[in-house]
Structure formats: structure tokens, C-alpha cells
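Where a number appears in this text, it was derived from the coordinates with a stated rule and is not lab data. All values derive from a computational prediction rather than experimental measurement. Here Cβ is always computed from backbone atoms with ideal geometry, including for glycine, and neighbour counts include all displayed protein chains.
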Amino acid sequence: MALSKEVYREFEDVVGPEYICDDPTIMPSYHGVEHAAVIFPENTAQVQALVKLCNKHKLRIAAISTAWTGMFPPGLIYLDMRRMNRIIEINEKNMYAVVEPYVISGQLQAELFKRGLHMNMKGAGSNCTALLRGHGHLDQSTGGDDRNHLAVEWITPEGEIVRTGAMGSTDEWFCGDGPGPSMRAIISSAVPPGVTPGIFTKTAVKLYNWPGPSKWPIQGISPKYTLAELPSNMMARYYSFPSVEKMWEAEIKLGENEICLELMGFNPAMVAANITTCNEDDAKMFQKLNAESKGPGFFVIIAGNSSADFAYRKKVLEQIVRDADGESMKSLEDPEIEGILLCQCTRISASIRETFRPGGAFNSIPIMSQRDLTIRWAVGAGEAKLPLIEKGYIVDDGGAFFGWGVEQGHLGKTEIFCKFNPREEEAAAAVTKWQQEQSKRAFDESYFASLFGPISPEVSKKMSGFNVWWQKIVEAVDPNKVAPQGGPLV
Amino acid sequence: MGLEQYEDDVNICCRCSCCKFIPMQQIVGREYTYICPSISRYHYHSYSGGGRLNILAAGLKNGFNYTDRLLDIVYNCQLCGACGASCNYAMDMEVQQPLEEFRIKCVEEGQTNPALQKVIKGLRKTGSMVETQGKRGAWASGLKLKDATKEKVDVLYHVGCLTSYDKNMQKLAKATAKILKKAGVKFGIAGDAETCCGGRAYQMGYRNDFLKQAKKNMALIKKAGVKTVVTSCADGYHAFKVLYDQHDLKGNVEVLHISEYIDRLIKQGKLNLKKDLGLSVTYHDPCRLGRMGEPWIHWEGQKIPGGQHIFDPPKEYRRGTKGTYEPPREVIRSIPGVNLTEMTRIKEYAWCCGAGGGVIDSNPEFAQWTAKERIDEAMSTGAEAIVTACPWCEKTFNEAIRGSGSSMKVFDIVELVAKAI
């Protein structure tokens, strides 16, 4: 949908001619969608002005950071937030950092490491925004998602600037819930259809103690970086177990004992992707690790603040794994491989290898829910992948799934995906069918309801009509319907 | 074959934005994390490596519409190779090659840039990529160097267009000759008969002009019995070493950058650097000596059918890690009184000087903006001077410094070596 010259000029007046473009030439690089215009605001005031113009002209607007993922309807005013890339503050005393949308996690994390601090990192990768909505490898020690949101600067869909939590009554960002207004229930939602309408222009993220080095001692050359030395009080291991039940037994005990810096429920295919430097080696390494594995497993990093602390964590870890008949995968105890995993799985720099490198695309069913329940569903979803593997439609990962527990581990993320070549039509169709069938099975068998795509009346009814209530909230804050449903997560 | 051979590669881009940054594991702070000048200057994703590939993917599917914006995207890129070097940490795909092929396609279909067209017109007339004043070999007047067009020489010093004709750069040729003489190297030059290596024409998309230049050069090399070609220009180095090999024109001739040759001469005890220069420096890796200067990999094979992007035989990607990085650093470290401090973005992740891909001709403002970014990074090290190993870098840095009022000094590595002899 093209903007009229007059309307275009109104937007142009806000940001200047260099920072707005509606030329169709650029749209293939913006998800192949015909946006009304791509605009680069420089600050909160400009974002507010742009949102108000969208209300005036009844145009829909969405903002992105690096925009790795995202589904966008055509005709949007598409805000690329590249120019808002400042780390506003790192408050070491109160342990929070304030960032703008285009600060990526890799940048903020590097600054934090220097200060002995850390943050929750999105499992998607450190190439994603450091702003809201992170969960991933470190959830056991940092919590995930809204646990880490402190005060937020939010431009509502009507163009009002709302500063939540402590920012509502002070100039500090230390709390998301007060003494100013807490909007947590509205602004923290990441799952469609409940993605918060409006645009976040600054947020404070909670920080944690970082027991590791101020900078990883990287050596070697791309695509294989190793560590010159392993830190003395850190250890990475992969454990496999004779059954899903045993794996879960160990996972929940580790969560309850709060000893892990990281517990990531990788499968051998994802470990292979991390430690190999090309697809050919990846395939071979997967077969090797799969043969070595006793069954389902997970990857753990423990880190001590002292040698005594580390020794305690290690002792507890080994006891729990032993009690569940688990075994450490010997190949991965090689110090070089351990170093690769320590670095990549704290910096979250290899998720591209795990997902896109093998085939060019992946389709996924992710769910944040009761971990033991979703694991049981995922076993069946994995078995349903095997015929696709046999036909060569998807990359062989043994039908595996992955996930992790958050904090003590009862709540957690479970995800299963198929890696494939999207240009092979039969493969793409088979993956879509698998995705639909396994999502339906999750609902029919009362595991969970997948909330991607339109919500059926049946699903709505079982989930207390949450989507209806959410829609009412959206209508209240977005009377002119400028915010599209869904939106980018990273 | 052309661009079409890279259809799988352009389609496999997952839009992760890693082409905009140095690899995540190399990031050590907020500053100096961006790697691509084009996206950094122009912001639109279309100006990144990945964004360009997205456009190529759409074009290969639906046809190309050569709008002004598309040509702006095409020509405002130094083709410095940084996006591919970063991408290939995680992905198995070609990035640089499709970008080069598309520029060639643009030229072949008449979608040229007027400023570059003018430069190429000059090349066709004079054999030079820069304006010519006087004779090409005039800088060597009185130096009594061997003439490779008249006698056999083992070592040919290919001077390059900018160094030969630019009055401010001829000092580099003189310094190089002084160094080689001092080390007792029996070398020759082609003097007035020297012609452009063709490398910059290739970067601009003019493959046929490049091939003509390459063939002329190789004919001279063969006739003179040259065993080793030495260049003091990174573009020349890349052309002789990589592009000629890529196009099966290089033969067995050894190609060395002057920094490699000096490093060898020092280690052989043929060159002693004695004079204390008392200077703190940082070193800038020229793109075409560094990441783009890594050897060409001849590969022929095919994709194995199925969902996985794998090949028979396995495909090795050029990630820029085998470029020429240590020899210039070794040379700098061997100069008495010179203290080398590294910048954040170095070697295969060095930020471009701005001159590549014809940008210095087609968009000097963008070239200077890019150079200014590098000068700022150099200043952050506390060094007094930035040392480079390519006349194009030196020219661009000097112009950026003149525009900014910075006190940073710029030296080519041969200048320092010549001073230290």
C-alpha cells in the first residue's frame, strides 16, 4: 500500500529524507513484504511522533531490531530501530542495564563481562536485541522472559509515552513494578496473539553475577575458535540417560538444587552443530555422538565463585547424574571441545549453526509450559519426524527435541524443529503437515495449545477465552488498530 | 554461469544480521562491533551483505528492475569481503561471489555508474585507473632500475597505477626501490610499459577489461622470465595472486606483497633495520592484502541431493583467515623504536578504508566517511600513526584526516622501513 506524497512528507518531516524509504527495491530485504515505508527513528520523541501519525492516518506500525525473525502483513509503517543503539546505563550497584532496541545481546554481554556481570541471553542468539523477551540457555540461573524486565519506556499504540515501574515516579530503572505503575501483565507478553502492541524504546534488564572471565581467551581462526585455557572454576558437560524419565529426574533435581549456571536440553544433533565447522562434519559428528549417547540428555555448565563453591556444585551435579543412571559423553570432555561449548553456549553464538546452516530453514513447535508434560509430548513429535528423515525431507537429527527448565525447572521451554531446504516443495509441505499434526495432537491429548496462528473457538474455550480478554485489552490501548497482531520476537 | 550459479547461496541467507557485525565471539564491548561500512552508513538492510543477497534472490526469481535505488545499493559497497568473512563463521554459503557477479551483470547489461564508466574509459585509453600526468615510469628517473621489457628479471616490481602517477604516492615506489636495492635484490620494473593489473576494474564490475589487463600483464611476465611479482599495492596483490588464479591466468609465478618480501629479506639477513623511529603505531589490514588476499580455492563439485546443504567433494569456503596478516606485523615489530598497538577490528575483521569497489571514485563522501570511522578506531588505541600497506588506504586516510582535523599520521609500511634502513 503506497503512501500518498502528502502523508509520506509528514513522516519524512519527522526523521528527515535520508531515513525513510518506500522504494519497492528494498522490500525483498525486509522479509519480502511490501511495506508502506521503512523508517529509521533516532529517539523516543521521533518514535512517538511516528506512532501518532499512524493513528492520524490509520496506518499500522511495527518496530524491529535486527529482525532475524518476524511475520509482517503488507502495508506497514516498518520501523527499523538501527539508529537507537545506545547502552544508556550499566548500573553495577543496582544490577541493571538500560538499553535501546538496537543494542544486541553480544554487545551488552561483552560490556557486562568486563564488570563481572551477566544477563539472560536469548537462545536465538547474541545477534538479537538485548531488549525485552529473552529466554534460553541461562534460564536456570537468570530466569527468563518477564523475570528480567525492570522499568520500561513504552510508546503505546496511541502514541503516549508510558514509563513503567520505578521510572513512573523516579528517574531510576531499578524496578518494573513500582513505585510507579506496573504494566507487567500487558507489556510482558511475547506469545502471539498476546504480543504487546506499541513500541519499546528503552528497557532496563536485570543483571546477575558472572563468575567467568572478563573476556573469553579466544584463539584460533574462523570457523573454529577455541579457548587458550579453561577457566579454573567452570565446567561444561553433556549427560545422556537411559530414558526420558531418568533425564527428567536429573533435570528437576539439578533445578531444585540451583547449582547450574546453564542447563540446556540439547540433543546430540545440536551439540554436533555447535562443535563442527561445516555441514559435512556436522552430519558425521551427529552420527558419532548419537552412537555414544545412552538416550535423551542435556548440556550443563557449572561455575563457582570460588574453588570450594565449584567443588560443591560439581559434587552435587555428579551425584544427581549418577543417581539417574546418567553418563557424561566422553568425546565432549575433550578440553578443546569443552572450551568451544563453554564459550559458544554462554555467548550464544552458534544458534545459526544449529538451525539454519544445515538446510537453510527450520520449522518449529515451541512451548513454554510444565516441562515434564511437554517433554512427554515431544517424544511423540520426535517419533513423527522419523518418516520425514527416512524420505530425506529433513536433516537427520534422530527425531530429537530440546528444551530447558527455568529456575527450579518445573516451568520450562520444550521445542522441536525440523531442519530442511525450503526450496524443496515436497519437504516444505511435509514439514508443515508434521507441524500441524503435532500441534493438534498436543491439544487433543491435553498437553498444551499451540498459540501460533488463528485461535480456534475450541482452543479459546479450553483456555478460558484468554484471547478474547486479550483482544479487549488491545482494543482499549489501540482504538485505531495501528498495531498488527503478532510481531517480531528478536 | 554467472550469478545463477549462486542461486542456492543467495536463497539460504537466513537474515540473521551477522554480516553487519564482527563474529559474536569476537565482540569485546559496545564499540567497534560493526563490520560493514555500507549498512553502517546507509542503514537500510538492503545495504548489508544479507540484504543484498535477499534482493538477488528476489531478482533471480522475478527478474531485476534496475531502479536508481538498486544501482545505489549495488555501487555503494566497497566489496571489501567483510560481510562474507563474518557470515561464514556460522553459515556454509558464498556471500562475496554473488555480490561480485551481480555487479558484473549490471555492467554487462549497461547498468553502469557514470563515475566508474569514466575511470574505465581512462583505463582503456591509458592503461591506468587514475588520471595520467607524464609518463608512468617517470618516478624511477635516475634510479637506474632494470627494465623488464628489455631484459630478463627474476623479480618484477609491479608499481601500480596510483603509486606510479600520483605525485603524493610516488614516494612509495621510491621507498620500495630503495629497500629492494639495499637488500641486494636483482629486480626490474616495466616502467612506461607497465599497465594496470585490472583488479580495480574487476571490483567495479568490468570483468572483460580486467581480463584484457591480466592477459597483457601475464604476457609481459612470461616474456621477461619473471619468477616473482612484487606489488606494493594491495589491489595489485589481490589481482595477481587471487583474481588471476581464479581465472586460470596466473601460471606458476609467485606473487608477494612488498611486506611479505621485506619480512623474508629481514629473516634471510639481507635487510637490517637499524634506525630508531620512536613511534607508536597501529596497523590497518588492507582488505585485499588481508581477507581478500587469501588464495583462491579451485573447487568443482555438486550438491548432494536432499535437505542438507552439503557437497561432493566437500566445499571449502574462503573465510579470509588465510590472508596476509603476520608479515606486515613482523616487519613493523622489527623496526627499532616502533611500538605496535592493535585496533579492535583486525585481520579478517578489519574495517575497510573506504576506497574499494570503486567507491572512492563513485562516492568520495562515503569513502571518506568510512576512512574517518577507521581513523577514530586508530585514535582509540592511543597510537600516533596508522600504518597501512596499500596506497589507496593511505590516500583515503589522508583525505579523511584532512577533513576531520585529526592529528593522526599515516604511513605506508615501506615508508617506515625505508626510514629505518
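As a test of the definition: which semi-axes, in Å, follow for the stretch A:277-391 when you take the square root of five times each eigenvalue of its alpha carbon gyration tensor? Largest first, please.
Working through the eigenvalues yields semi-axes of 28, 20, 16 Å.
How long are the three semi-axes of the equivalent ellipsoid of the stretch B:136-216, in whole Å, if each is the root of 5 times an eigenvalue of the C-alpha gyration tensor, listed from largest down?
24, 15, 10
So, R0 is 60 Å and r is the distance between the beta-carbons of B:Asn65 and A:Ala308; what FRET efficiency does that work out to, to 0.05?
Efficiency, rounded to the nearest 0.05: 0.35.
Where does the stretch A:396-439 land on the Kirkwood hydrodynamic radius, alpha-carbon pairs, in angstrom?
The Cα-based Kirkwood calculation yields 12.2 Å.
What distance in nm separates the two pseudo spin-label positions at A:Leu411 and B:Ser380, each 7 Å out from Cα along the beta-carbon direction?
3.8 nm
If you wrap a convex hull around the C-alpha atoms of the stretch B:114-267 and split its volume per residue, what is the figure in Å³?
Per residue, the Cα convex hull of the stretch B:114-267 comes to 103 Å³.
What average count of beta carbons from other chains do you get within 10 Å of the Cβ of residues in B:308-316?
If you average over the peptide's residues, the count of other-chain Cβ atoms is 5.
Any idea what the relative contact order of chain A is, in percent, if you count C-alpha pairs under 8 Å spaced at least 6 apart?
16 percent
Name the long-range amide H neighbours of A:Thr203: under 5 Å, sequence gap of 5 or more, or other chain; modelled H, no Pro or chain starts.
Here A:Val99, A:Glu153 satisfy the definition.
Provide, in order from the shortest bin, the percent of all Cα-Cα pairs of the protein assembly as shown in each 20 Å bin, continuing until the bin that contains the maximum pair distance.
Histogram of Cα-Cα distances, whole percents per bin: 14, 44, 33, 9, 0.
Give me the percent of Cα-Cα pairs in the stretch A:85-209 that sit more than 22 Å apart, rounded to a whole number.
27 percent
Please sort B:195-206, A:299-310 by packing, taking for each peptide the average over its residues of neighbouring beta carbons within 10 angstrom, highest first.
B:195-206, A:299-310
Can you give the convex hull volume of the alpha carbon atoms of the stretch A:5-82 per residue, in Å³?
Measuring per residue, one finds 85 Å³ for the Cα hull of the stretch A:5-82.
Excluding B:His45 itself, calculate the net charge of residues whose Cβ lies under 12 Å from the Cβ of B:His45, where each Lys or Arg counts +1 and each Asp or Glu counts -1.
Local net charge: +3.
When ranked by the protection proxy of mean other Cβ atoms within 10 Å per residue, highest first, what sequence do the peptides B:294-303, A:99-108 form?
A:99-108, B:294-303
Please express the Cα-Cα pair-distance distribution P(r) of the stretch A:142-225 as a list of whole percents, one per 5 Å bin, running from 0 to the bin with the greatest distance.
Using 5 Å bins, I get a P(r) of 3, 14, 19, 19, 13, 8, 8, 8, 6, 3, 0 for the stretch A:142-225.
Could you go through the stretch B:61-75 in sequence order and give the Karplus-derived ³J(HN,Hα) for each residue, using 6.51 cos²θ - 1.76 cosθ + 1.60 with θ = phi - 60°, rounded to whole Hz, and x for Gly and Pro?
Taking θ as phi minus 60°, the curve returns 7, 10, x, 9, 10, 7, 7, 4, 5, 4, 5, 4, 5, 5, 8 Hz for the stretch B:61-75.
Where in the stretch A:52-120 are there trypsin sites (Lys or Arg not before Pro) that are in a DSSP coil and have at most 15 other Cβ atoms within 10 angstrom of their Cβ?
Hits after loop and neighbour filter: A:Lys58, A:Arg86, A:Lys93, A:Arg115.
Can you compute the helix-only [θ] at 222 nm over chain A? Use -39500 (n - 2.57) per DSSP H run of at least 4 residues, normalise by all residues, nearest 500 deg cm²/dmol.
Per the formula, -10500 deg cm²/dmol.
May I ask you to order A:10-21, B:29-40 by the average number of other C-beta atoms within 10 Å around their residues, highest value first?
B:29-40, A:10-21
Subtract the Cα-Cα distance of A:Asp171 and A:Asp444 from 0.36 nm times their separation in residues, and report this length gain in nm to one decimal.
93.3 nm is the gain from fully extending A:Asp171 to A:Asp444.
Taking just the C-alpha trace of the stretch A:218-353, give me its Rg and Dmax in Å.
Both quantities, over Cα of the stretch A:218-353: 14.5, 42 Å.
D for chain B, whole µm²/s, Stokes-Einstein with Kirkwood Rh over alpha-carbon pairs at 20 °C and 1.002 mPa s: what number?
D, rounded to a whole number, is 98 µm²/s.
Across the stretch B:285-421, what fraction of all alpha-carbon pairs, as a whole percent, falls in each successive 5 Å bin from zero upward?
Going from the shortest bin to the longest, the percentages are 2, 9, 17, 19, 17, 12, 7, 6, 5, 4, 2, 1, 0.
Report the calculated FRET efficiency for B:Lys178 and A:Lys93 (r = Cβ-Cβ distance, R0 = 56 Å), to the nearest 0.05.
0.40
Hey, how much of the P(r) for the stretch B:348-421 falls beyond 16 Å, as a percent of Cα pairs?
Pairs farther apart than 16 Å: 46 percent.
For a quick size check, give me the Cα extents of the stretch B:1-69 along its three principal axes, largest first, whole Å.
Its Cα atoms span 42, 26, 17 Å along the three principal axes.
For A:Tyr78, what is the net charge nearby, where nearby means another residue's Cβ is under 11 Å from its Cβ and Lys, Arg count +1, Asp, Glu -1?
Residues close to A:Tyr78 contribute a combined charge of -2.
For peptide A:271-282, what's the mean number of Cβ atoms from other chains within 10 Å of each residue's Cβ?
3
Looking only at other chains, what is the average number of their beta-carbon atoms within 10 angstrom of each beta-carbon in B:400-411?
Shielding by partners across B:400-411 averages 0.
Using θ = phi - 60° and the Karplus curve 6.51 cos²θ - 1.76 cosθ + 1.60, what whole-Hz ³J(HN,Hα) does each residue of the stretch A:428-439 get, with Gly and Pro shown as x?
Couplings: 4, 5, 5, 5, 4, 4, 4, 4, 5, 5, 6, 5 Hz.
Give me the distance in nm between label points sitting 7 Å out from Cα along the Cα-to-Cβ direction at B:Glu31 and B:Lys125, one decimal.
Spacing of the two 7 Å Cα→Cβ label points: 4.6 nm.
All other residues with a Cβ under 10 Å from the Cβ of B:Gly191 taken together, and with Lys, Arg as +1 and Asp, Glu as -1, what is their net charge?
It works out to a net charge of +1.
What is the Cα radius of gyration of chain A over 2.2 N^0.38 Å, N being its residue count?
Output field value: 0.99.
From the backbone phi of the stretch A:416-425, what are the Karplus-calculated ³J(HN,Hα) couplings (6.51 cos²θ - 1.76 cosθ + 1.60, θ = phi - 60°) in whole Hz, Gly and Pro given as x?
After applying 6.51 cos²θ - 1.76 cosθ + 1.60, I find 9, 9, 10, 9, 7, 8, x, 7, 8, 4 Hz.
State the answer as a single residue: which of B:Ile35, B:Asn168, B:Gln78 lies farthest towards the positive end of the charge dipole of chain B, with beta carbon charges of +1 for Lys and Arg and -1 for Asp and Glu, about the Cα centre.
Checked the options; the winner is B:Asn168.
Return the subset of A:Lys224/A:Lys314; B:Lys227/B:Lys347; A:Lys224/B:Lys347; B:Lys181/B:Lys222 for which the Cα-Cα distance in this structure is over 20 Å, preserving the input order.
Correct reply: A:Lys224/A:Lys314; B:Lys227/B:Lys347; B:Lys181/B:Lys222.
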